[in-house]
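K.L.:
Structure provided below as structure tokens; questions to follow.
The values are calculated or read from the model by the stated rules, or taken from the named source; none is laboratory data. Source: prediction; values computed, not measured. Counting neighbours? That spans all protein chains shown, and the Cβs are built from the backbone with ideal geometry, glycine included.
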Amino acid sequence: MKNNPVYPRRRALALACLAMAVAMPVAAQTQTLGPAPLPPGVAAAPPAPLSVAVLGSGGPGATGRAASSYLVLLDGVPRILVDAGPGSFVRLGEAGLSLARTDIVLLTHLHIDHVGELPGLFKARAVAGGGPIKFRVFGPDGRRGGGGAAAYPSTSRLMHLLFDQQGAFGYLRDFSAPLSWQVTDIASAVKPGLLPRVALSEGGLKITAIAGHHRDAPSVIYRIDYAGKSVTFSGDLDAEALADLRAIAGGTDLLVFNSVVLDPPRSPPVLYTLHTPPKTIGELARDAGVGRLLLGHLSPAVEQARDEVVRSIAQGYGGTVTFATDGALLVP
Ligand SMILES: [Zn+2]
Ligand SMILES: [Zn+2]
């Protein structure tokens, strides 16, 4: 086959971006990743202290977007991986980004559309160079299941199953560079009055976490603060976690909110036990004083009703709303 399978998708993406730009305000700081040639004699501007690269803006259906995944860049260097949805490996390469200095992994929950690409990305990290690798991995604790609820391993158990010596990919520990990890299981039980807790604090970087809620899947909400800027990741989130999201997202510069459903009753009822509708997203962004909203994890239903989603959010929130696209770079 001589056909280039990438081109039609890129063209479709470009057209989608164009349509989005016409339909809604997109802040000037949104750009597509990749090297931009500078005119002769023009010095490159220093990188933004905090920026977010979208590796995957979709999931769980195979709709042409990679599933949920983001890279957070500190001073222009990719340092923090937030979720690892299938397809993010390809987007990482397309974006020309390297994981050579990525050593922090934040998992919002252990659904496949958020962690399925972990082995691929870990191997990409292993061959990216930079000597011995020590990952700091954060994710939810587990759940035994039963009574109609599914069982989930804790994040440390998942890492054990994947990468321990006797795990599925135990060979990776010494494949290209010595690889080790330290896992922190974060309590995922939602309780009234819960406050965000510091998960990591070093060199001006602060990562805080609080329990999320996603029906029966143990979940965590993260906020990253660096050099006076901040980004908060909701993960997949239902109504039971809204108080926690409000508690952690106060005044955040960028809130990445997973947008899967339309306002009731336009989506199947069961999805409202898993996700948050646009009207509520807008109210929360307003209440939390969010600087800017990025909608990710986009479902076909949301794709096809972008104008309706924007209008619904705008009932509560007056800030900029952007629909994520794979390969976009946002500067909060
Ligand atoms: Zn999920
Ligand atoms: Zn999901």
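K.L.:
Give me the residue from region 285-332 that is out of contact with any helix residue (DSSP H, G or I) (no Cβ under 8 Å at 6 or more places or on another chain) and of a type in the set (Lys, Arg) and, out of that set, surrounded by the most Cβ atoms within 10 Å (Cβ to Cβ).
P.N.:
Checking each candidate, the answer is 292.
K.L.:
Hey, can you tell me all the residues within region 102-122 that are assigned to a loop (DSSP other than H, G, I, E, B) and either at pLDDT below 95 or of a type in the set (Asp, Glu) (or both)?
P.N.:
Correct list: 103, 117.
K.L.:
How many residues does region 284-332 hold that are closer than 20 Å to residue 251 by Cα, in a strand (DSSP E or B) and under 15 Å from the mean Cα position of the chain (by Cα)?
P.N.:
6
K.L.:
Only residues in region 104-127 that are of a type in the set (Ser, Thr, Tyr) count as the first member; pair them with residues that are assigned to a helix (DSSP H, G or I), Cβ under 8 angstrom, at least 6 apart or cross-chain, and list the lot.
P.N.:
Close Cβ pairs (under 8 Å, with a partner that is assigned to a helix (DSSP H, G or I)) amount to 108/114.
K.L.:
I'd like the full set of residues that are within 14 Å of the chain's Cα centre (by Cα) and hydroxyl-bearing (Ser, Thr, Tyr), limited to region 245-269.
P.N.:
259
K.L.:
Within region 94-121, how many residues turn out to be among the polar types (S, T, N, Q) and either surrounded by fewer than 22 Cβ atoms within 10 Å (Cβ to Cβ) or within 10 Å of ligand 2 (Cβ to nearest atom) (or both)?
P.N.:
Our first condition is that a residue be among the polar types (S, T, N, Q); within region 94-121, this holds for 98, 102, 108.
After this cut, where a residue has to be either surrounded by fewer than 22 Cβ atoms within 10 Å (Cβ to Cβ) or within 10 Å of ligand 2 (Cβ to nearest atom) (or both) as well, the list is 98, 108.
Selection size over region 94-121: 2.
K.L.:
Okay, next question. Within region 80-88, is even one residue more than 25 Å from residue 205 (Cα to Cα) and modelled with pLDDT of 95 or more?
P.N.:
Looking only at region 80-88, we keep the residues that are more than 25 Å from residue 205 (Cα to Cα), and these are 86-87.
Subsequent filtering for residues that are modelled with pLDDT of 95 or more retains 86-87.
Yes - at least one qualifying residue is present in region 80-88.
K.L.:
Does residue 255 satisfy the condition of being away from ligand 2 (no atom under 16 Å from the Cβ), over 23 Å from residue 99 (Cα atoms), assigned to a strand (DSSP E or B) and in contact with a helix residue (DSSP H, G or I) (Cβ under 6 Å, 6 or more places away or on another chain)?
P.N.:
Values: away from ligand 2 (no atom under 16 Å from the Cβ): yes; over 23 Å from residue 99 (Cα atoms): yes; assigned to a strand (DSSP E or B): yes; in contact with a helix residue (DSSP H, G or I) (Cβ under 6 Å, 6 or more places away or on another chain): yes.
Yes, satisfied.
K.L.:
Return yes or no: is residue 154 more than 17 Å from the chain's Cα centre (by Cα) and either surrounded by fewer than 16 Cβ atoms within 10 Å (Cβ to Cβ) or in contact (Cβ under 8 Å) with a residue 12 or more places away in the chain (or both)?
P.N.:
Yes.
K.L.:
Of the conditions (1) of a type outside the set (Gly, Ala, Ser); (2) surrounded by 12 or more Cβ atoms within 10 Å (Cβ to Cβ); (3) part of a helix (DSSP H, G or I), residue 137 clears all except one; give me its number.
P.N.:
Failed condition: (3).
Per-residue answers, yes or no, for (1) within 16 Å of ligand 2 (Cβ to nearest atom); (2) modelled with pLDDT of 85 or more; (3) assigned to a loop (DSSP other than H, G, I, E, B); (4) of a type in the set (Val, Ile, Thr):
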| residue | (1), (2), (3), (4) |
| --- | --- |
| 36 | no, no, yes, no |
| 47 | no, yes, yes, no |
| 62 | yes, yes, yes, no |
| 72 | no, yes, no, yes |
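K.L.:
Taking the residues in region 208-235 that are part of a loop (DSSP other than H, G, I, E, B) and more than 12 Å from ligand 1 (Cβ to nearest atom) as candidates, determine which candidate is surrounded by the fewest Cβ atoms within 10 Å (Cβ to Cβ).
P.N.:
If we take residues in region 208-235 being part of a loop (DSSP other than H, G, I, E, B) and more than 12 Å from ligand 1 (Cβ to nearest atom), then 228 is surrounded by the fewest Cβ atoms within 10 Å (Cβ to Cβ).
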